[in-house]
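To keep things clear, I will list the structure first and then write my remarks on it.
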Amino acid sequence: MALTKNYGLGSESLLDAATELVERAYAQDSIHEAEATVSLTVNSFVRFADTGPTQSAERAKVDVHLRVRREEDGQLYEASATGQSLEEVAMDKLIEQASSIAAISPALETPLELGGHVEVCTGTCDAETLTHGPREKAAAIKRALAAAQAVGASPAGLFDTTGRAVALANTKGRLVRNETSRASFALTVTGPSEGGLGGSGWAETIRSKVGELDIDGTIATAIDKAAIGQERGAVEPGEYTVILEPAAVSSLLLFASYYGFGAKEVAEKSSFLCDRIGTKAFADKLTIHDNWDHPMYQTCSFDGEGSPKRVVPLVDAGVLQNPVTDRRFAVLGGGTADESTGHGEVQPSGDGPSAGCLCVDAGTTSSADLIAGVEHGLLITQFHYTNLIDPREMMLTGMTRNGLFLIENGRIVKPLKNLRFTESLLRAMKRVTDVGSELDISGALFDGEVITPALRIDGFRFTSATDF
Amino acid sequence: MTDYMKLSAAAVKEAQKVGADYADARTNLLQTESFGLHNGALENASMGEECGLGLRVLVDGAWGYAATVGTDKSALHEVATRAVNAARALSGARTEPITLSPDDVVSGEYRTPVQEDPFAMSAADKVAFLQEADKGLQGEDCVVARDVNLGNRRERQWFAASNGAEQYQELVRCGAGVSATAAKNGVVERRSFPASFGGDYRAAGFEHVRSMDLVSHARQVRDEAVQLTTAPICEAGTRDLLLMGNQLMLQIHESVGHPNELDRVFGHEVDLAGASFATTDKLGEYQYGSDIVNLVADSTVEGGLDTRGWDDDGVASGRWHVVKDGIFNGYHTSREWAKRIGESTSRSCNRSEGWYNPPIIRITNLSLMPGTWTLDDMIADTEDGVLCDTVKMWSIDQRRLNFQFTTEIGWEIKDGKKGRMVRKPTYQGNTPDFWRSCDAICNESHWQLWGVPNCGKGNPMQVAEMSHGCSPARFRNQSFVV
């Protein structure tokens with residue numbers, strides 16, 4: 001695109017642009033501090049279904065965020081503006097917009113200094129991922145279509161590659177930049193048994209580099225999960241021992257990421273951490289970190305304030321640890337702003353810090369042995385539309401999807417019709433009795449991804465059933 | 001012709017030059033502003049502007065789409081080449097060519113009717129407005145979070161298609177809301193007005209926000225949040241369910257709107273958002289609801305968040321029954337999808353989130369038509385029920401059948417009288433059983449449009465806006481769970 005010709009994906013040029021924007025803002029009499037964040041996203045995706053590729057896009061965008069402060073009579077006034085252009089005219093418009101809101105904003109009650117100089121990892125955007133186009137994606141999609149059609153099933157999926165560069169500069173000398181890439185291939189296979197709507201399987205592979213995706217393994221797993229031609233049994237709602245595969249674990253733990261592991265939720269008493277920090281609320285076998293730098297998938301090395309992301313222990317052998325912070329909540333927690341764990345949003349923001357890179361430590365039990373250890377229970381591939389009923393108890397509800405199986409005497413005996421669970425994350429994590437040895441990364445319906453092994457949980461509660 | 005329309009038209013010409021059989025281009029200019037007070041402090045004060053062009057082409061029976069930020073005419077050749085090359089690369093993997101319905105795509109202009117332009121009002125006045133509303137939330141120590149939000153959007157779109165049609169639309173959306181979160185003895189409860197998750201939005205000017213009377217409702221919200229912390233949890237069991245509009249609208253959205261999207265019915269959304277139980281064999285015959293249930297899709301209704309002149313296929317907006325007298329009657333379609341059910345014209349439901357995304361079928365404004373009851377009479381006629389108000393949590397399965405919803409607040413109804421407040425009322429059900437159990441719908445004086453500004457669909461996910469109108473209604477013998 002012309003965009004990439006002008007700026008490249010290089011974060012260095014974005015840092016130059018962010019610095020220029022800060023300098024232009026600071027040159028205004030009305031602005032006394034400024035912070036600019038500039039990001040460039042280059043994305044290519046192809047969706048597909050039974051008729052082949054159904055939708056695609058080749059696209060690029062710039063996002064520019066400017067935070068300004070004015071000082072008057074010892075008081076600080078703050079505002080921000082966002083745009084999508086790095087042209088001089090657009091920069092000046094952004095400065096004017098932010099400045100005009102700062103002029104009428106109430107004074108900050110507890111102003112913090114902007115962050116100063118720090119060193120961060122600049123990361124790498126994989127060149128193959130960045131240039132991976134529809135032609136390359138079509139080749140993989142043809143394999144998926146052929147494999148699904150060979151078993152009489154309908155495929156649907158997404159092949160997506162993204163490169164992203166981001167840079168932040170401010171008037172306190174903070175100059176940080178980073179590059180990342182992400183590639184994913186996901187396939188859902190739906191069998192013909194129930195009017196084309198039942199008997200589905202799913203698998204996904206996500207990595208930082210497109211060349212590391214296991215596409216053929218993903219196709220095989222999705223087809224296997226669909227259990228084509230097998231009659232689905234039914235079980236009554238109730239409590240079961242379950243083996244949650246990584247995607248199912250992910251859709252539960254993401255709610256702790258959204259609503260629990262952040263310092264704002266703790267301060268405002270809505271987090272499950274309240275009154276539980278330092279207590280063994282999860283099972284001994286569970287250790288969880290927030291780790292942006294996991295070798296399986298690397299994310300940006302700094303947060304929305306340009307603070308370096310730290311690897312933060314959140315659950316240590318079942319004991320709940322302190323929440324993640326940003327600059328504001330680092331101070332409210334009794335430290336200095338520079339002690340932020342690096343989990344803040346681009347400021348100013350009403351959102352508090354959040355742990356967006358949850359990683360559960362692997363255990364020692366293989367997937368086969370996890371199943372072999374269950375006398376009577378369920379194997380769960382994925383949950384659908386999980387949502388939060390109560391944040392303090394982390395009460396969640398959602399549906400099983402794309403592969404629910406009955407385990408009897410250590411063997412998978414048949415696929416099942418789906419169930420709805422209504423269960424507290426706290427209660428579930430306390431009942432983890434085994435942890436798988438194989439890590440995987442997966443997301444859910446809403447944002448975010450978790451790196452986790454499979455978990456065995458005893459007494460997991462299901463409250464209703466479906467007929468498919 | 002404006003420079004933006006020239007840009008869209010030039011993109012279409014460029015696409016034809018490099019081999020597109022069909023092309024349309026959208027240049028979008030989106031202005032946004034949002035203000036948010038949290039515990040009295042201005043935590044969010046932001047203006048935003050984005051502009052870009054999205055070009056969609058059909059080549060050899062496959063779609064290609066390319067998008068670029070800005071309005072640089074020199075980028076058009078590369079954008080067109082990328083879109084056309086993508087379509088060519090993908091066409092070989094298609095099992096059948098994509099064709100479009102022969103809808104009229106004509107030129108024209110559409111603007112949201114606005115009495116008070118929200119962008120003309122000073123930022124100072126907007127912040128002062130929020131501060132005034134925040135006063136109503138103050139005064140209770142156990143209220144740990146007070147939030148007041150206001151947001152405005154103006155989206156301008158210049159659409160050009162390869163048949164020569166040119167359409168200009170200017171859509172203004174405006175909304176606000178207040179919420180209070182109280183915490184006491186380990187119980188945390190939130191109340192919101194007029195709706196949760198940021199408030200209620202409408203295609204209108206600032207007159208919509210002024211009509212809300214946020215200040216006096218803020219006091220009520222604060223008091224109810226505090227009362228909820230000591231209210232009993234709604235008990236499990238089978239009782240009648242009475243839903244206020246700002247909960248019923250989500251029920252319409254999730255259990256009628258989404259299953260009615262035709263691409264979902266054919267499994268093209270199954271990879272993330274899911275499929276649908278409302279399969280084509282049910283069209284025209286299936287008892288979706290009781291015979292008083294009439295659900296009407298309408299992209300022309302005044303104030304609807306999806307009220308506009310045309311969709312992103314360029315097809316004119318319209319109105320039709322999705323459910324008529326309880327019977328399943330029609331789908332949301334696009335030019336690509338209409339023929340799959342033997343219809344010659346699209347229902348004008350193909351929409352995208354801005355220039356960055358290609359369009360997909362989206363729910364338009366979808367409303368439950370009013371009945372004959374007053375709310376007081378409906379309560380008086382209920383022996384054992386729960387009146388539930390305001391969305392708190394929702395979850396529904398991948399075929400849109402099994403659902404579970406929790407509202408912010410409920411009140412028990414015993415022997416025709418509204419009784420004690422209950423917290424976390426949670427009901428679980430099945431879509432057709434639920435709609436078939438509807439035996440009372442309040443009349444037009446209770447009817448209101450509710451905005452959904454954050455509907456997610458697609459993969460990668462896109463956000464779209466729509467409204468759902470309804471008045472309170474009763475559903476017999478529903479299952480409450482704890």
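The values are calculated or read from the model by the stated rules, or taken from the named source; none is laboratory data. Because the structure is predicted, anything quoted here is derived from the model rather than measured. Here the Cβ is made from the backbone with ideal geometry for all residues, glycine too, and neighbour counts use every protein chain on show. Please note that ligands, DNA and RNA were not included when accessible areas were found on the heavy atoms of the full protein model with its side chains. Shrake-Rupley method; radii C 1.70, N 1.55, O 1.52, S 1.80 Å.
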What's the longest piece of chain B with no exposed GluC sites (Glu not before Pro), counting a site as exposed if DSSP puts it in a loop and it has at most 11 other beta carbons within 10 Å? B:1-284
Pairs beyond 23 Å (Cα-Cα), from A:LYS142/B:LYS17; A:LYS417/B:LYS457; B:LYS282/B:LYS339; B:LYS6/B:LYS457; A:LYS264/B:LYS457; A:LYS137/A:LYS209: A:LYS142/B:LYS17; A:LYS417/B:LYS457; B:LYS6/B:LYS457; A:LYS264/B:LYS457
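By its C-alpha gyration tensor, with a ≥ b ≥ c as the square roots of the eigenvalues, how is chain B shaped: rounded for a/c under 1.5, else prolate for a/b larger than b/c, else oblate?
Cα axes put chain B in the oblate bin.
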Checking the cross-link filter: which aspartates and glutamates have an alpha carbon closer than 17 Å to that of B:LYS417, excluding same-chain neighbours under 8 positions apart? B:ASP240, B:ASP376, B:ASP377, B:ASP381, B:GLU383, B:ASP384, B:ASP389
Take the alpha carbon gyration tensor of chain A, find the square roots of its eigenvalues, order them as a ≥ b ≥ c, and report rounded if a/c is under 1.5; if not, report prolate when a/b exceeds b/c, else oblate. oblate
Whole-Hz couplings from phi, Karplus 6.51/-1.76/1.60, listed for the range B:96-101; x for Gly and Pro: 8, x, 7, 10, 10, 5
At 1.4 Å probe size, what's the solvent-accessible area of B:LEU100? Round to the nearest 10 Å². 40 Å²
Answer with one residue from B:THR99, B:ALA89, B:VAL59: the one whose Cα lies farthest towards the positive end of the charge dipole of the range B:3-228, charges on Cβ with Lys, Arg +1 and Asp, Glu -1. B:ALA89
From phi via Karplus (6.51, -1.76, 1.60), per-residue ³J(HN,Hα) for the range B:340-352 in Hz, x at Gly/Pro: 5, 10, x, 9, 8, 10, 6, 8, 6, 10, 8, 9, 10
Would you kindly state how much longer the chain becomes between B:ASP3 and B:GLU116 on full extension, computed as 0.36 nm times their sequence separation minus their alpha carbon distance, in nm to one decimal? 38.0 nm
Can you compute the FRET efficiency between A:THR364 and A:ASP447 using 1/(1 + (r/R0)^6), with r the Cβ-Cβ distance and R0 = 30 Å? Round to the nearest 0.05. 0.45
Roughly how many nanometres apart are two label points built 7 Å out from the Cα toward the Cβ at B:ASP376 and B:ASN443? 1.2 nm
On full extension of the chain, what length is gained from B:LYS339 through B:ILE233, given 0.36 nm per residue of separation minus the C-alpha to C-alpha distance? 33.2 nm
q = 0.11 Å⁻¹: log10 I(q)/I(0) that the Debye formula gives for the range A:175-274, counting C-alpha atoms only: -0.60
Could you name the lysines whose alpha carbon sits less than 19 Å from that of A:LYS61, not counting residues in the same chain fewer than 8 places away? A:LYS5, A:LYS93, B:LYS73
Rounded to the nearest 20 debye, what is the charge dipole size of the protein assembly as shown about its Cα centre when +1 sits on each Lys and Arg Cβ and -1 on each Asp and Glu Cβ? 1360 debye
If you consider only alpha-carbon coordinates, what radius of gyration and Dmax does the protein assembly as shown have, in Å? 26.7, 76
Please identify which residues in the range B:154-193 have an amide N closer than 15 Å to a label point set 7 Å out from the Cα of B:GLN16, following the Cα→Cβ vector. B:160-167
Ordering B:TYR4, B:TYR22, B:TYR65 by how much accessible area each has at a 1.4 Å probe, largest first, what is the list? B:TYR4, B:TYR22, B:TYR65
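Are there GluC sites (Glu not before Pro) in the range A:176-281 that DSSP puts in a loop and that have at most 12 other Cβ atoms within 10 Å, and which ones?
Qualifying residues, ordered by number: A:GLU231.
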Please give every one of the lysines within straight-line cross-link reach of A:LYS414, meaning a C-alpha to C-alpha distance under 20 Å, and leave out same-chain neighbours fewer than 8 residues apart. A:LYS225
Relative to a virtual label point 7 Å from the Cα of A:VAL413 in the Cα→beta-carbon direction, which members of the range A:362-389 show backbone nitrogen distances below 16 Å? A:371-379
How far is it, in nm, from the label point at B:ARG420 to the one at B:ASP213 when both lie 7 Å from their Cα along the line to the Cβ? 3.0 nm
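So how much slack lies between A:GLU393 and A:GLN28, counting 0.36 nm per residue of separation and subtracting their Cα-Cα distance, in nm?
Extending this stretch completely gives an extra 126.5 nm.
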About the Cα centre, charge dipole magnitude for the range B:90-162 (Lys/Arg +1, Asp/Glu -1 at Cβ), debye: 260 debye
Semi-axis lengths (Å, descending) of the ellipsoid that matches the C-alpha gyration tensor of the range A:2-222: 46, 18, 15
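Note down the net charge around A:THR19, summing +1 for each Lys or Arg and -1 for each Asp or Glu among other residues with Cβ under 12 Å from its Cβ.
-2
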Between the alpha carbon centres of the range A:243-270 and the range A:125-186 the gap in Å comes to 26 Å
Give me the distance between the Cα centres of the range A:388-406 and the range B:144-207, rounded to whole Å. 28 Å
Would you mind computing, in nm to one decimal, how far apart the modelled labels at A:VAL235 and A:GLU109 are, each placed 7 Å from Cα along Cα→Cβ? 5.0 nm
May I ask you to list the residues of the range B:413-433 whose amide nitrogen lies under 13 Å from a point 7 Å from Cα along the Cα→beta-carbon direction of B:ASP384? B:413-416
Between the range A:72-107 and the range B:420-482, how many Å separate their Cα centres? 41 Å
Starting from the amide H of A:GLU305, placed 1.01 Å from N in the peptide plane, find each other amide H under 5 Å away whose residue is 5 or more places distant or on another chain. A:GLY344
